[in-house]
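Where a number appears in this text, it was derived from the coordinates with a stated rule and is not lab data. Please read these numbers as outputs of a predicted model, since none were measured by experiment. Because the Cβ atoms are built from the backbone with ideal geometry, glycine has one as well, and the counts that use them run over all protein chains shown.
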Amino acid sequence: MGIPSKVLIVDDEPIARDSLEALLFGEGYELYFAGSGAEGIQIARAVKPDAVVLDVMMPGMDGFEVCRALRADPDVAPVAVVMVTALDDRRSRLTGLSAGADEFLSKPFDSLDLKIRLQTIARLGRYRRLLGEQQRLEWLVDQSEDGFLLLDSGNIIDYANPRARMYLSLGGDGRGADFLERCARFYRMEPTTVWQTWQTPEVATGPYYLVQPETLSARAFWLQVERFHMSEAEDMGTAVRLRNVTAQMSNYQDIRRFHTTIVHKLRTPLIAMHGSFSLLKNYASDMSPGEITEFVDAAMQGIDRLSGEIDDILGYIGASMLAVNGDNILVEDFVGQVKTIANEIGITQLSLNCDPALMTTPLPLNAKTLNSILWEILENSKKFHPAHDPKVTVEVTTPRADSYRLRFIDNGLTLNPEQLQWVWTPYVQAEKYFTGEAPGMGLGLPLVATLVWQAGGQAQLYNCQDGPGVVVELDIPQPAPLPLAANS
């Protein structure tokens, strides 16, 4: 059963009110009563009825005045008004219409006529109220910073608010455009494995993202796509929200990078300093001047390195970092980075496969971004190897003239299908550590995914075919400007 219609009966005659109550009892209405026009207005404002049955001839404030007052109040203006009069003349009806009445009944009532008219008029009042709520909702949606769309069963846009039209570069009201085609035209749809489930949302494994990669003049732009399937019936379609999460993604990357920096960059110089000073504290009296000088020099080297790392951190905090910023490193420098980080992590079985002809060519990522990527991938290789002693192979190739492929192969963890589905999902790993709210497999690769995606690249992870371990494969294209973007 639906919600019963609210009906307010306003009549100064108790017998008339009792008569209407008897006629309408058991008809499914929620009835309210008032004995004067002023009381009727007060009750109407309190309960917001769907219909008011209003006697015209009342002392003090007559029915016409009450009707005008109701229409003048925005909170109750949508109510349907039925005016009851014994005066069956044209002048009274014209006055009632001018006051805003919707329907007229003449005394004495025909019970069947009353029930039919009141049923119709109550629906009108409810429709008006819903229409008013819809108009207010549309105003809120139009002013929203989020994009909202309604799609039919074929993913064709039935409605798009102004923000959605901007995000998808839609002309006019946006109706009739293919949602997925617009997404593919202006964005990279990531993770690709999740977008493949769009037609079967019940098997989706994570949020949908639309990414405009960074260019030399603009940072990456991120939209999170949230959907609500409105009905099992095919013709009901889908509601979609497009939420700008560029700031959140930037914060996510900053937190993860900063965490990596603190853990790894500061630990080594602190260990060196602590070791040197501990030896001096405990054994200085037994040392020669030369030995003391040697340990002091080692401690000073740690201090100098720590100072440099802190300067780097402060510089990083004060500057926004683009993955593509014209300060790209050569492949031979990348190889050096791999060796350095592998050594700091404690990976002793490292192989590097790279065409010597590529050594002097620039990779389309800067040193700090590559540093973050390498720490995440290489540390995983060690962390998830059963003996924490993985064999790691790093390959650099050029599958196309305009892109590089970085492959990281280890002999440790083999992933199950669920892990393969979740592994690239942003927020999963890092947010698990910081808030404990998001699910995740503990693999720590979403940062790699976000950096690669916003550089316009692709990230894949799959199990080795000839034994245990995984392959992380990153395709990084040379940067190229996109078509005119929705965030410009």
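Listing for the model above:
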| item | result |
| --- | --- |
| Burial ranking of peptide ranges 169-180, 370-381 (average Cβ count within 10 Å, highest at the top) | 370-381, 169-180 |
| In Hz, Karplus ³J(HN,Hα) per residue of the range 379-390 (6.51, -1.76, 1.60; θ = phi - 60°; x = Gly, Pro) | 5, 4, 4, 6, 4, 9, 7, x, 9, 6, 9, x |
| Note, ³J(HN,Hα) from phi for the range 276-287, Karplus 6.51, -1.76, 1.60, rounded to Hz, x at Gly and Pro | 5, 5, 5, 5, 5, 5, 8, 10, 4, 5, 9, 9 |
| Residue-wise HN-Hα coupling along the range 146-152, computed from phi with Karplus coefficients 6.51, -1.76, 1.60 (Hz; x: Gly, Pro) | 8, x, 10, 9, 10, 10, 7 |
| Dimensionless Rg ratio for the range 58-100, taking C-alpha atoms and the 2.2 N^0.38 Å reference | 1.15 |
| Potential lengthening between Lys115 and Asn282 on full extension [0.36 nm per residue; Cα-Cα distance subtracted] | 50.1 nm |
| Rounded, prolate or oblate (a/c below 1.5 giving rounded, otherwise prolate when a/b exceeds b/c) for the range 144-244 by Cα gyration tensor | oblate |
| For Leu365, residues with placed amide H under 5 Å, excluding near neighbours | Ile329 |
| Contact order relative to length of the range 144-244, as percent, for alpha carbon pairs under 8 angstrom and 6 or more apart | 29 |
